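The values are calculated or read from the model by the stated rules, or taken from the named source; none is laboratory data. Predicted model only: the values in this text are computed from it and were never measured. Cβ placement follows ideal geometry from the backbone for every residue including glycine, while neighbour counts extend to all protein chains displayed.
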Amino acid sequence: MDVAIGHCWRCENAITREVNCRQCGVAKYCSDTCCRRDQYRHQPECEEWRPKRCSNPTCTSDSRQALKECTSCIEASYCGTDCQKAHWKDHKQKCRERAQEVRTKGAALQSYFQQQCGIPFAVPYYFGNALAIDMLNLQANECKMKLKPEDQDPLKSNFAILSAGCGNLRNWIHTVASLPADFSGKLHTFLNDFDPFVQARNVLQLYMMVMHQDEADIATSITNIWYSLKISEKDYNLLVACLTALQDLTSSKLREVTGGVIQLTEADMAPMREVWQSWLNLECRKGHPNYIDLQEQRREVFRNAPNAAEGIDVYKKEIPSDLVPSYDDYIATGHFQPLGSKRNDLQYDNPTLTGYRFRYGRNDVMKVLKILASPKKVKFVYCISDDLSPFGSWDYLKVKKNHYHKSMIVMFHGYITDQIQQAMRYLKAGHLSVSFIVWNCLELTVRLDPESCKCDRIFTSNIADYSGTQPLLKVMKPLLNHENKSSTIVTQYWNWYGLFPYAKVDGPASAGASRTKVLVECSIAAVKDTCIDIVGEAPLNNPVFMSIECRKAAGRGPFFLQEYFNYTTYFVSYLRAEFMAFNQSLGGVSDDVRHTVHMQSLLEHSGLKGAEAEMPTVKSGGEAATAKPPPFQKVRQREGLEMRDFRRGEPNKVVPFRYRRNVRRVNLFRGMERMLEWYIPESLNN
C-alpha cells in the first residue's frame with residue numbers, strides 16, 4: 001500500500017485503534033468509517049487477497065486454507081485432485097485458452113526483447129515521468145529490524161544506492177530529503193543513465209547545490225532553472241557562472257572542489273562538457289541575433305503532437321477545478337516561478353531545456369550513439385515532451401499536504417524548493433556523495449566491480465519494459481549487498497498492458513463478452529469512492545445524483561475508472577509470459593544478443609567510435625505450442641532472488657506495488673504502473 005506503515009489506508013492518519021478489512025484482513029484502517037468508505041477502491045485488491053473457495057461448485061468443504069492453484073491457468077483453486085477432476089470438464093476450455101495466451105504472448109515478448117536489445121526511447125528526460133520515490137526508506141526497513149547487540153544503529157550506518165536509468169535528480173533529492181532527522185551515517189549514490197544530456201543537467205544542479213549552498217534563495221533558483229521556460233537575469237547569471245566553471249574543470253578537480261560529493265570519470269565528463277558548452281553558446285535574450293525563442297519552439301512541439309490538445313482537455317477535467325486556471329497558464333507560457341515573481345523580470349530563455357528532440361527505433365541506434373557520444377554535433381532545441389510537466393513527477397498528496405495553494409505552479413514550486421533545501425542540509429553535514437555513470441545499465445558490471453560495489457537498494461526505472469526482468473536481475477544481483485537483510489532490487493512496469501489489452505477497463509473482453517457492464521460498475525464505484533468523503537453517504541443513494549456524477553466520471557476518460565477494475569490476472573499473465581521468453585522451450589532470448597546502447601567510453605574500448613557497426617544477429621526461439629506456462633511461484637524466484645508476493649497481500653517494503661490513482665488526480669497516472677521488489681531469501685542470507 002502507498003501509505004506509511006501504521007497509517008490508515010483511507011485517511012492516512014496514524015492508527016491508534018486498528019480496524020482490518022473483514023474479508024481479506026490485509027487492509028488497515030483507523031476506524032469503521034474509513035473501512036466502509038474505502039470499500040469501493042479496495043474491492044479489486046480485496047478480491048485477490050481474501051481467502052478463496054474451491055473452484056469446484058459441487059465441493060462441500062469449507063476449507064479455504066489448503067487450496068492449491070491450477071498450475072496451468074493459476075485462476076482456479078482446488079482443495080484436492082478429486083475436485084479438480086470433477087471440475088475439469090467445465091474448466092478445461094478457459095484453462096487452455098489462458099495457457100495458450102501466455103504461450104503466445106511469451107513468443108511475442110521473446111521477439112520483442114530480441115529486437116529491442118534493451119533499448120528504450122531516447123528523449124532527454126529533464127522532467128520525470130514517474131513519481132519521486134524514497135529509494136532508501138530507512139524507517140520501514142533497517143530501522144524496523146530488531147538489532148542484535150553487535151549490530152550498528154542504522155541511523156549511524158553507511159548505505160549505498162544504485163539508480164539505473166536514473167533520469168533527473170528527483171528520486172535522489174526526495175530520498176535525501178526523507179532521511180530521518182537524526183541520520184548521521186553516509187549515503188553514497190550511483191546515478192547511472194546512458195544519456196549524457198540528462199547527466200549533464202544532473203551534475204549542474206548538484207554542483208549548484210554544493211558550491212552555492214550558503215547563498216540566499218539558491219534552492220528557489222535551482223527549481224526555476226530545473227522547470228521554468230523563462231528565468232530572471234539573476235538566475236541566468238548563476239547558470240552561466242556554473243556552466244563556465246564546469247566546462248573548465250577536469251573530473252578530478254570537480255571532485256576536489258565539491259569536497260568529494262561529485263564523482264565521475266573523465267570519459268563520462270567529456271560528453272557532458274560538450275552539453276554545457278552548447279548551452280553557453282545559445283542566445284537566450286530576446287531581441288538579440290540568433291535568439292532561440294524557446295516559447296515558439298515549445299508551441300511547435302504541442303502543435304506537432306497529435307494527441308496533445310485532447311490530452312490537455314481530459315487532464316483538465318480530472319484535476320480539481322480551482323487548479324485549472326494555473327494549469328492553463330503553465331500550458332500557455334511554460335513559466336514555473338515562485339509566488340511573487342514578476343513576468344517582466346523573466347528576460348532570459350532557459351537553455352537547459354534544450355537538447356536533441358526525436359524518438360528512435362532499432363534502425364536508428366548508431367545515429368543516436370553518435371549524438372550521445374558527441375552532443376555538440378546536434379542542434380540544440382527545446383526537447384521536453386508534450387506529455388511531461390513538473391506536476392507529474394512529485395506526489396500530489398505530499399505536495400498538497402505541505403504546500404497547498406490554488407495555483408499548481410506555486411504549490412509545486414514551493415514543495416520542490418523545500419525538498420532541495422532539506423537535501424542541502426545533509427550536503428552541508430558531509431553525509432552525501434554521488435557517482436555519475438554514463439553507461440548502458442545492462443553492462444554496468446563493466447564499470448562497477450561487484451567485489452567492492454555493494455548496494456543496499458538498486459532501482460531500475462522501467463528498463464524491464466525494454467530488456468525484460470531476467471537480464472536486469474542477472475546484472476544487478478552481483479551489485480546487491482548480500483549482508484543487509486533489507487537489500488532490495490526494484491523493477492518497474494509501465495507498458496506491460498500493450499500485450500494484454502483486456503487489462504484496460506475499456507478494452508476488449510475475454511470470450512467476446514461486453515465491457516458495458518464492467519464500465520457501469522466501475523463508474524459507480526469511482527463516484528462513490530471519490531465523492532463519499534466530500535458529500536457524505538446520503539447523496540450516493542440518490543439516483544439523480546449518481547446518474548449525473550457517473551456521466552462526469554465517464555467523461556474523465558478510462559484511466560479514471562481503471563482503479564476499480566480487477567485486472568491482476570492479466571499482469572500475472574504478463575509476468576509468466578515474460579518468464580517464458582527467457583527460460584522455457586520458446587528457446588529463450590539468446591545469450592549472444594549484445595545490448596547496443598553504449599556510450600563514448602564503451603565505443604572507445606570496443607573500437608566502434610566513429611564507425612558504423614552492424615546490429616547483432618539474433619537467434620530464433622523454439623516452438624511455442626508445446627511450452628508449458630510456469631507456475632507463479634517459479635516466476636517469483638529468479639537468479640537466486642525472490643519477489644514479494646503481491647497476490648497474497650505481501651506489501652513492498654521500499655516502494656508501493658502500486659499507487660492509488662484517484663487521490664492523485666494531478667499526477668497523470670494511467671493506473672497501470674506496477675513496481676516489484678526482489679530480495680535475497682532468508683535461506684540464502686544465512
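With respect to the stated conditions, Ser547 fails to be over 30 Å from Lys148 (Cβ atoms), over 24 Å from the mean Cα position of the chain (by Cα) and outside any helix (DSSP H, G or I). Selection of first residues in segment 492-508 that are assigned to a loop (DSSP other than H, G, I, E, B) and of second residues that are β-branched (Val, Ile, Thr) and surrounded by fewer than 19 Cβ atoms within 10 Å (Cβ to Cβ), restricted to Cβ pairs under 9 Å at least 6 apart or on distinct chains, gives the following pairs, ordered by first then second residue: Val505/Val518; Asp506/Val518. In this structure, does Asp195 turn out to be crowded, with 22+ Cβ neighbours inside 10 Å, more than 17 Å from Ser251 (Cα to Cα) and touching a Ser or Thr at 6+ places or on another chain (Cβ under 7 Å)? No; evaluated as a whole, the condition is false for this residue.
Here Val527 meets each of (1) crowded, with 22+ Cβ neighbours inside 10 Å; (2) outside any helix (DSSP H, G or I) with one exception, condition (2).
Answer yes or no as to whether Phe302 is in contact (Cβ under 8 Å) with a residue 60 or more places away in the chain, in a loop (DSSP other than H, G, I, E, B) and under 28 Å from the mean Cα position of the chain (by Cα). No: the conditions fail for Phe302.
Conditions (1) among the acidic types (Asp, Glu); (2) outside any helix (DSSP H, G or I), marked per residue:
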position: Thr33; (1), (2): no, no
position: Arg53; (1), (2): no, yes
position: Thr58; (1), (2): no, yes
position: Ala66; (1), (2): no, yes
position: Ile74; (1), (2): no, yes
position: Cys95; (1), (2): no, no
position: Arg98; (1), (2): no, no
position: Glu101; (1), (2): yes, no
position: Gln110; (1), (2): no, no
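Is at least one residue of segment 151-160 within 23 Å of the chain's Cα centre (by Cα) and modelled with pLDDT under 95? For segment 151-160, residues within 23 Å of the chain's Cα centre (by Cα) and modelled with pLDDT under 95: absent. Out of Ile5, Ile15, one residue alone is modelled with pLDDT under 90, over 27 Å from Cys522 (Cβ atoms) and β-branched (Val, Ile, Thr). It is Ile5.
The combined condition, being part of a loop (DSSP other than H, G, I, E, B), in contact with a strand residue (DSSP E or B) (Cβ under 9 Å, 6 or more places away or on another chain) and surrounded by fewer than 23 Cβ atoms within 10 Å (Cβ to Cβ), is not fulfilled by Leu444. If you go through segment 141-156 and keep only what is of a type in the set (S, T, N, Q) and free of Cβ contacts under 8 Å to residues at least 60 places away in the same chain, you end up with just Gln152.
Only a single criterion out of (1) polar (S, T, N, Q); (2) closer than 21 Å to Val378 by Cβ; (3) touching a residue at least 24 places away in the same chain (Cβ under 8 Å) is not satisfied by Ser326, namely (2). Quick one: in segment 619-648, of everything that is small (Gly, Ala, Ser) and buried (at least 18 other Cβ atoms within 10 Å of the Cβ), which residue is modelled with the highest pLDDT? Of everything passing the filter in segment 619-648, Ala627 is modelled with the highest pLDDT. For segment 521-534, the criterion of being closer than 21 Å to Pro656 by Cα and touching a Ser or Thr at 6+ places or on another chain (Cβ under 6 Å) is met by no residue. Return a yes/no flag: does segment 660-667 have any residue that is in contact (Cβ under 8 Å) with a residue 12 or more places away in the chain, within 20 Å of the chain's Cα centre (by Cα) and closer than 19 Å to Ile489 by Cα. No, there is no match, as no residue in segment 660-667 is in contact (Cβ under 8 Å) with a residue 12 or more places away in the chain, within 20 Å of the chain's Cα centre (by Cα) and closer than 19 Å to Ile489 by Cα. Here is a check on your reading of the model: is Ser433 in contact (Cβ under 8 Å) with a residue 12 or more places away in the chain, hydroxyl-bearing (Ser, Thr, Tyr), outside any helix (DSSP H, G or I) and farther than 21 Å from Trp226 by Cβ? So Ser433 fits the description; yes. Note on segment 8-60: residues that are aliphatic (A, V, I, L, M) and either surrounded by fewer than 15 Cβ atoms within 10 Å (Cβ to Cβ) or touching a strand residue (DSSP E or B) at 6+ places or on another chain (Cβ under 6 Å) (or both) total 2. A single member of Cys95, Cys54, Cys83 is closer than 30 Å to Lys28 by Cβ and modelled with pLDDT of 90 or more, and it is Cys54.
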